[in-house]
Amino acid sequence: MTPQFPNYVHSVFPGPTSNWPVVGQIRNACSFTAIANALNCRESVFFHRPAELIKEAGLLFQPNFGGTFPALKVWQLQRRGFGSHFGNLRFTHCEYVLCQLMDLGIPVIIDIYTALQVGSHRIFGQHAVVLVGYSDYFLDKNGHAQREFYIIDSEWPALGKFTIEANNVDRDGDGMEEDYPGNRTILRNEFMRIFSTRCYAPIFASQYEHDRWYNRTFRTHKLSLWERYIGGSNDLLLNHSASKNHPND
């Protein structure tokens, strides 16, 4: 649990969210804005700007054709000294991996909604967002057990109307809004539905720290060109029993 948020909430970054140095995006620039927002929140300063990342991408940014390809974000992160990889959690315990990363204080860029599907294989998520938190199970006002995920969505609640406090609500009925991580709250079942690509890119402080985590978490294998640039590496947990206490997706 993270102080300043409700006691059942786990967040990568401490509150209040009003202090988070984040911005909204221009059309189809979600990948670049997600990188900037994640890095700026890591460093608690508005230093990285989407415009610099767009300029760096050059012709690889095509706003009239959906933006850019997802694997580019990893190159841009590594170029700035951070550790990452373009992975896919379709064949393992997705929720366990994501929650483990957030408990380690690692923000994760994920691709939600499906922009391209080849047969039964969903690739190229339509929209990149930053996953920054999750909740324990709690009872909602109707007495139903719920679990939530929290993201920074640079196009939420709409393009050009981004606000970091869009998901703050008065949940306990005391007349004051509670602060929640990010700017968008998604119930677990809905989150797993819209995160159908299972593509993700964690952001570690260095490639060494990333590789140390990866090698003790997943089975290593030689990546195909498809995995490296299109669908993401097929990440399989070394120890499946470690995730049995977490809900399976």
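Here are a few things to note about the model shown:
- For segment 52-81, the set of residues classified as touching a Leu at 6+ places or on another chain (Cβ under 7 Å) and either at positive phi or surrounded by 19 or more Cβ atoms within 10 Å (Cβ to Cβ) (or both) consists of Ala57, Thr68, Leu72, Gln76, listed by residue number.
- Restricting the first member to segment 138-150 and to residues that are surrounded by 14 or more Cβ atoms within 10 Å (Cβ to Cβ), and the second to residues that are part of a strand (DSSP E or B) and among the polar types (S, T, N, Q), the beta-carbon pairs closer than 6 Å and six or more apart or on different chains are Arg147/Ser135; Glu148/Ser135; Glu148/Thr185; Tyr150/Thr185.
- When the residues of segment 196-208 are filtered to those that are at pLDDT 95 or above and surrounded by 15 or more Cβ atoms within 10 Å (Cβ to Cβ), the one that is farthest from Asp136 (Cα to Cα) is Gln207.
- Filter result (surrounded by 14 or more Cβ atoms within 10 Å (Cβ to Cβ) and part of a helix (DSSP H, G or I)) within segment 212-225: Trp213, Tyr214, Thr217
- Residue, surrounded by the most Cβ atoms within 10 Å (Cβ to Cβ), within segment 186-195, restricted to residues that are among the charged types (D, E, K, R) and at pLDDT 95 or above: Arg188
- Condition check for Asn167: under 27 Å from Phe204 (Cα atoms) and free of Cβ contacts under 8 Å to residues at least 24 places away in the same chain: yes
- Scan segment 231-249 for residues that are among the hydrophobic types (A, V, I, L, M, F, W, C) and modelled with pLDDT under 80 and the total you get is 1.
- Residue count for segment 11-28, restricted to those that are in contact with a helix residue (DSSP H, G or I) (Cβ under 6 Å, 6 or more places away or on another chain) and at negative phi: 7
- Test for Leu131: is it crowded, with 21+ Cβ neighbours inside 10 Å, modelled with pLDDT of 95 or more and in a helix (DSSP H, G or I): no
- Of all residue pairs spaced 6 or more apart or on separate chains, those with beta-carbon atoms under 6 Å, a first member in segment 174-185 that is within 17 Å of Glu155 (Cα to Cα) and modelled with pLDDT of 95 or more and a second member that is of a type in the set (D, E, K, R) and crowded, with 20+ Cβ neighbours inside 10 Å are Arg184/Asp153; Thr185/Glu148.
- Residues in segment 6-56 that are in a loop (DSSP other than H, G, I, E, B) and under 14 Å from the mean Cα position of the chain (by Cα): Val12, Phe13.
- Check on Gly182, at positive phi and buried (at least 22 other Cβ atoms within 10 Å of the Cβ): yes
- Segment 13-25, residues that are hydrophobic (A, V, I, L, M, F, W, C) and touching a Leu at 6+ places or on another chain (Cβ under 8 Å): none
- Test: residue in segment 102-109 that is more than 24 Å from Gly160 (Cβ to Cβ), part of a helix (DSSP H, G or I) and within 17 Å of the chain's Cα centre (by Cα): yes
- Flag for Arg171 being loosely packed, with under 15 Cβ neighbours inside 10 Å and within 30 Å of Asn40 (Cβ to Cβ): yes
- Matching residues, segment 57-89, being under 13 Å from Cys30 (Cα atoms) and of a type in the set (S, T, N, Q): Gln62, Thr68
- Yes/no for Leu89 being touching a residue at least 60 places away in the same chain (Cβ under 8 Å), surrounded by 20 or more Cβ atoms within 10 Å (Cβ to Cβ) and not charged (D, E, K, R): yes
The values are calculated or read from the model by the stated rules, or taken from the named source; none is laboratory data. Bear in mind that the values here come from a model prediction, so they are computed numbers and not experimental data. We place every Cβ from the backbone using ideal geometry, glycine too, and count neighbours over all the protein chains shown.
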